[in-house]
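For reference, the structure is listed below as structure tokens.
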Amino acid sequence: MYYGKLTVRLALLLIFPWLFLGGPGYVASRSLKEAWDLGHVLLFFLLSIEAEMVLRTRTAKTCTRAFVIIAFVLSAAVLIEIIQSLLPDRIVSFVDVVNSMAGAAVALLWLYSLRMSGFKKRVSLIVVFLILIMVAVPLFRACLDEYRARRDFPLLADFELSLELARWEKTEQVTRVKDPVASGDWSLQVIFGIEKYSGIALHYFPGNWQGMNELRFQAFNPDEPVMLHYRVHDNEHRGDQKLYENRYNGRQLLAAGWNQIVIAVADIESGPHDRKMNLSDIEGFGFFLVDNLQERILYIDRVELTEKKGRN
């Protein structure tokens, strides 16, 4: 028993600082970010076990201990999110609070099931299993779409599955629709606002574009002609180097109806003013409107790279 308590406390001391330090960077994969978020489940699983061991010596009532632990975990989880929101590049996350509560629930159900038997024990363990599945779903979805993105490359997005939406930033501006489409059964509807620069960006995708010939995508404009701007940047477009001149920039006037945008990868490579784009580590591609005076809707379909002829 002593060594069990020591192990739990040591694990808590090792895990707790990482709530405020480190973590996956902006360019990390979705699967790594989702796996990191599951640290809240582990931390509050251990914290709940520790709290149960402490309270067990003070009250014999299981319901009382469970209520105190749940209230404590909820308060601690919310407080942690408030503290994180005060740190640079950190935001309040409702998902983290849910994961924290899930960790506590798993701990309590598992501990109490050890003293149960028969039907009650089976039900408790089934609920534990269901909670773990629930919190693991985002990680599973991220891993599945990362596998599909690697499998389908040089196709970057065709919107045939809803999982693809998570590859894009500002997902609140996008919706999959069945009309109009240029390829397959679905396209992406994008709502552009009236801010200075309004658009979306493809953030999660295979970044090695060496050996590619062209970047292509289809854009449907249901209204009067509009100038669509687009950009590509690599791993050197960060921090103080996040400048207009340090990436590829292009634009095309979209007529009414479907338009095909074709960008030579050679042009992307020579996009930065004083260097070559690192085609082995492309990190972002996006398109946007500039000084848009009224909300507009455009549709995007089949974003893909084409390989150079003769490439194996």
Next on the checklist: Can you tell me which residue is surrounded by the most Cβ atoms within 10 Å (Cβ to Cβ) among those in region 25-46 that are of a type outside the set (A, V, I, L, M, F, W, C) and not in a helix (DSSP H, G or I)?
Outcome noted: Ser29
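Condition check: closer than 30 Å to Lys33 by Cα and open to solvent by 20 Å² or more (accessible area, probe 1.4 Å). Does Asp158 satisfy that?
Working: closer than 30 Å to Lys33 by Cα: yes; open to solvent by 20 Å² or more (accessible area, probe 1.4 Å): yes.
So Asp158 fits the description; yes.
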Checklist outcome for this item: Val27 meets each of (1) at pLDDT 85 or above; (2) closer than 30 Å to Gly207 by Cα with one exception, condition (1)
Next on the checklist: Based on this model, can you work out whether Leu109 counts as of a type outside the set (S, T, N, Q) and open to solvent by 70 Å² or more (accessible area, probe 1.4 Å)?
Outcome noted: no
Checklist outcome for this item: Flagged pairs (Cβ under 7 angstrom, 6 or more apart or on separate chains; first in region 130-155, more than 17 Å from Asp96 (Cβ to Cβ); second in a helix (DSSP H, G or I) and among the acidic types (Asp, Glu)) are Asp145/Glu164
Checklist entry - Only one of (1) within 23 Å of Ile133 (Cα to Cα); (2) open to solvent by less than 40 Å² (accessible area, probe 1.4 Å); (3) at pLDDT below 85 fails for Phe94. Which number is that? => result (2)
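Sort out which residues of region 60-85 are of a type in the set (S, T, N, Q) and open to solvent by less than 40 Å² (accessible area, probe 1.4 Å), and write them in order of number. Give the derivation first.
At the first step, the residues of region 60-85 found to be of a type in the set (S, T, N, Q) are 62, 64, 75, 84-85.
Gln84, the sole residue that qualifies.
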Checklist entry - Just a yes or no: is a residue in region 48-59 open to solvent by less than 70 Å² (accessible area, probe 1.4 Å), at pLDDT 85 or above and either part of a loop (DSSP other than H, G, I, E, B) or farther than 18 Å from Ser113 by Cα (or both)? => result no
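For residues that are without any contact (Cβ under 8 Å) to a residue 40 or more places away in the chain and under 15 Å from Ala77 (Cβ atoms), scanning just region 31-66, find the one that is farthest from the chain's Cα centre (by Cα).
The first filter runs over region 31-66 and keeps only residues without any contact (Cβ under 8 Å) to a residue 40 or more places away in the chain, leaving 32, 36, 39, 51, 54-61, 63-65.
Next cut, under 15 Å from Ala77 (Cβ atoms) only: 39, 51.
Values: Gly39: 16, Ala51: 32 Å.
The residue in question is Ala51.
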Item to check | Extreme residue, nearest to Glu307 (Cα to Cα), among residues of region 132-147 that are of a type outside the set (A, V, I, L, M, F, W, C) and surrounded by 16 or more Cβ atoms within 10 Å (Cβ to Cβ) | outcome: Glu146
Next on the checklist: So for region 112-131 (the condition being open to solvent by 40 Å² or more (accessible area, probe 1.4 Å) and polar (S, T, N, Q)), does at least one residue qualify?
Outcome noted: yes
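The values are calculated or read from the model by the stated rules, or taken from the named source; none is laboratory data. What you are looking at is a predicted structure, and each value in this text was computed from that prediction instead of being measured. Note that we place each Cβ from the backbone using ideal geometry, even for glycine, and neighbour counts take in every protein chain shown. Note: areas computed on protein heavy atoms with side chains; ligands, DNA, RNA excluded. Shrake-Rupley method; radii C 1.70, N 1.55, O 1.52, S 1.80 Å.
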